[in-house]
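Written below as structure tokens is the structure these notes are about.
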Amino acid sequence: MPHPPQIWHDGPVLGIESSCDETAIALLGADGAILAEHVLSQPDHAPYGGVVPEIAARAHLTHLPGMARAALAALPAGQKLSAVAATGGPGLIGGLIVGSCFAKGIAIAHAIPYVAVNHLEAHALTARLPGLVPGGVAFPYLLLLVSGGHCQLLAVQAVGAYRRLGGTIDDAAGEAFDKVAKMLGLPWPGGPALERLAQSGNPRAVPLPRPLLGRPGADFSFSGLKTAVLRQRGAHAPADIAASFQQAVADILVDRCAHAIAAMPGTRHLVVAGGVAANQAIRAALEALATRHGMALIAPPLRLCTDNAVMVAWAGIERLRLGQPDSIDFAPRPRWPLDQDAQIKTRPDETGLFQVRHRPAPPCAV
Ligand code: KG4
Ligand code: ZN
């Protein structure tokens with residue numbers, strides 16, 4: 001099989017995201033200008049109350065070609081596609097294979113470089129998109145990544161150089177939102193629905209624990225909080241439970257971030273990414289924390305916080321600028337920790353979903 005060329009000719013880059021239940025395509029100019037962006041949040045999973053991997057993979061297969069055609073129609077006159085970047089992991093393997101094979105096909109057909117992007121790296125580098133922050137966000141910065149699948153604090157030191165300061169020892173924050181929403185009978189996905197309900201509730205009405213609060217380090221735990229909600233259900237108004245749960249999560253995130261900030265003296269930016277960053281109460285709490293530490297909170301616009309392909313194309317551009325495209329032989333990876341630390345799904349919890357267990361990180365190279 002002919003390998004696509006490794007040299008990038010500074011032209012538009014196509015980004016493809018297919019690691020979970022968002023099918024997304026974006027076209028960026030070599031300077032990072034967004035020429036086209038399309039996101040399809042697959043509606044197919046709602047009846048199941050969670051993402052069904054097989055359905056997700058099939059939906060990516062159905063939608064990617066049309067969405068790519070639409071994005072490529074935005075190529076500026078006289079310019080050709082010059083590289084293609086696709087999420088290569090971590091995520092659901094079926095969707096990753098669909099997106100990666102699709103990207104490789106385009107790379108081979110157009111004889112252009114291919115980049116396999118780490119989804120977490122894409123979230124981590126989003127803050128550096130030109131135009132987001134005047135002057136751009138320079139390295140190093142602290143990243144709080146809070147989504148349905150991930151909950152970690154990373155020191156972002158350079159492209160490819162990440163140090164994990166803390167992570168969840170059980171659920172991800174978004175996962176906790178989704179599970180508590182389910183307990184309250186809210187529709188999937190739970191986070192946004194819970195935030196809406198919380199608006200009419202009292203955040204101090206229900207006594208809830210804040211696991212690990214004040215403890216050394218920057219790890220997270222949400223399992224005990226979730227169990228406490230389960231016990232309080234029925235004794236309080238759902239809106240009060242929602243508001244109190246949201247407040248507890250905000251308190252936990254702020255406390256853990258404060259510990260991470262202490263581990264990175266002199267850092268000027270706290271960047272938040274992942275779907276939970278859409279939550280206004282959490283954003284406000286983080287904003288106040290950053291201000292207290294003389295830092296700026298960088299929260300990309302919501303559409304760039306949740307899964308999207310702009311971040312994938314941008315991470316691709318960052319890697320191409322360093323002359324680091326990938327081989328066409330790249331095999332998608334369901335697990336692909338940024339700093340070789342790992343979160344392994346080991347056993348189902350009481351909701352029937354799998355729990356995340358923390359594995360201690362080997363010594364970090366950066
Ligand atoms: O980053 P994302 O789109 O996908 C991954 O999980 O990678 O994040 C989705 C997660 C879900 O758990 C969802 O419930 C949560 O982010 N989420 C929210 C809000 N919007 C989305 N959680 C709390 N408040 C929100 N407004
Ligand atoms: Zn994500």
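The values are calculated or read from the model by the stated rules, or taken from the named source; none is laboratory data. Just so you know, these numbers come straight off a predicted model, no measurement behind them. FYI the Cβ positions are ideal-geometry reconstructions off the backbone, even for glycines, and counts take in every protein chain you see.
Identify all residues within region 116-174 that are among the β-branched types (V, I, T) and not in a strand (DSSP E or B); write none if there are none.
T126, V133, V137, V159, I169
Given the condition part of a loop (DSSP other than H, G, I, E, B), in contact with a helix residue (DSSP H, G or I) (Cβ under 6 Å, 6 or more places away or on another chain) and either within 16 Å of ligand 2 (Cβ to nearest atom) or not charged (D, E, K, R) (or both), answer yes or no: does some residue in region 55-71 qualify?
For region 55-71, residues part of a loop (DSSP other than H, G, I, E, B), in contact with a helix residue (DSSP H, G or I) (Cβ under 6 Å, 6 or more places away or on another chain) and either within 16 Å of ligand 2 (Cβ to nearest atom) or not charged (D, E, K, R) (or both): absent.
Kindly establish whether V98 is outside any helix (DSSP H, G or I), among the aliphatic types (A, V, I, L, M) and assigned by TED's automatic domain parsing to the domain that holds L35.
Against the criterion (outside any helix (DSSP H, G or I), among the aliphatic types (A, V, I, L, M) and assigned by TED's automatic domain parsing to the domain that holds L35), V98 does not qualify.
Filter region 20-45 down to the residues that are of a type in the set (S, T, N, Q) and touching a helix residue (DSSP H, G or I) at 6+ places or on another chain (Cβ under 6 Å), then identify the one that is modelled with the lowest pLDDT.
Among those residues, the one meeting the criterion is Q42.
Can you find even one residue in region 3-14 that is within 25 Å of G191 (Cβ to Cβ) and either under 22 Å from the mean Cα position of the chain (by Cα) or not assigned by TED's automatic domain parsing to the domain that holds I93 (or both)?
no
Which one of G224, G191 is more than 21 Å from P337 (Cβ to Cβ), within 16 Å of ligand 2 (Cβ to nearest atom) and not in a loop (DSSP other than H, G, I, E, B)?
The unique qualifying residue is G191.
What's the total number of residues in region 1-19 that are modelled with pLDDT of 90 or more and either touching a Phe, Trp or Tyr at 6+ places or on another chain (Cβ under 6 Å) or crowded, with 19+ Cβ neighbours inside 10 Å (or both)?
Qualifying residue count, region 1-19: 9.
Go through region 10-24 and give me each residue that's in a strand (DSSP E or B) and more than 16 Å from ligand 1 (Cβ to nearest atom).
Scanning region 10-24 gives V13, L14.
Yes or no: G78 within 15 Å of ligand 1 (Cβ to nearest atom) and on the phi > 0 side of the Ramachandran plot?
No.
I need every pair where a residue in region 118-136 that is more than 13 Å from P301 (Cα to Cα) has its Cβ under 6 Å from the Cβ of a residue that is at pLDDT 90 or above and among the acidic types (D, E), sequence separation at least 6 or different chains.
L125/E318
Hey, any hits in region 258-273 for a residue that's of a type in the set (S, T, Y), within 19 Å of G166 (Cα to Cα) and away from ligand 1 (no atom under 13 Å from the Cβ)?
Yes, region 258-273 contains at least one residue that is of a type in the set (S, T, Y), within 19 Å of G166 (Cα to Cα) and away from ligand 1 (no atom under 13 Å from the Cβ).
Restricting to region 31-84, name every residue that is aliphatic (A, V, I, L, M) and in contact with a Ser or Thr (Cβ under 7 Å, 6 or more places away or on another chain).
L40, A59, L64, M67
What are the residue pairs meeting all of these: first residue in region 207-230, first residue closer than 16 Å to K179 by Cα, second residue surrounded by 14 or more Cβ atoms within 10 Å (Cβ to Cβ) and charged (D, E, K, R), Cβ atoms under 7 Å, and 6 or more apart or on different chains?
Final answer for the pair search is S221/D170; F222/D170; F222/D171; S223/D170; S223/D171; K226/D171; K226/K179.
Could you identify the single residue in A278, A309 that is among the aliphatic types (A, V, I, L, M), within 13 Å of ligand 1 (Cβ to nearest atom) and assigned by TED's automatic domain parsing to the domain that holds V146?
A278
Residues that are more than 18 Å from L40 (Cα to Cα) and either surrounded by 24 or more Cβ atoms within 10 Å (Cβ to Cβ) or within 16 Å of ligand 2 (Cβ to nearest atom) (or both): does region 100-110 have at least one?
Taking every residue of region 100-110 in turn, at least one turns out to be more than 18 Å from L40 (Cα to Cα) and either surrounded by 24 or more Cβ atoms within 10 Å (Cβ to Cβ) or within 16 Å of ligand 2 (Cβ to nearest atom) (or both).
Considering only residues of region 100-124 that are under 19 Å from W336 (Cβ atoms), in contact with a Leu (Cβ under 7 Å, 6 or more places away or on another chain) and not hydrophobic (A, V, I, L, M, F, W, C), which is nearest to ligand 1 (Cβ to nearest atom)?
Once the filter is applied, the top-ranked residue is H123.
Give me the pairs: first residue in region 248-270 and closer than 15 Å to L145 by Cα, second residue away from ligand 1 (no atom under 16 Å from the Cβ) and aromatic (F, W, Y), beta-carbon distance under 8 Å, and six or more apart or on different chains, which are they?
H269/Y141; L270/Y141
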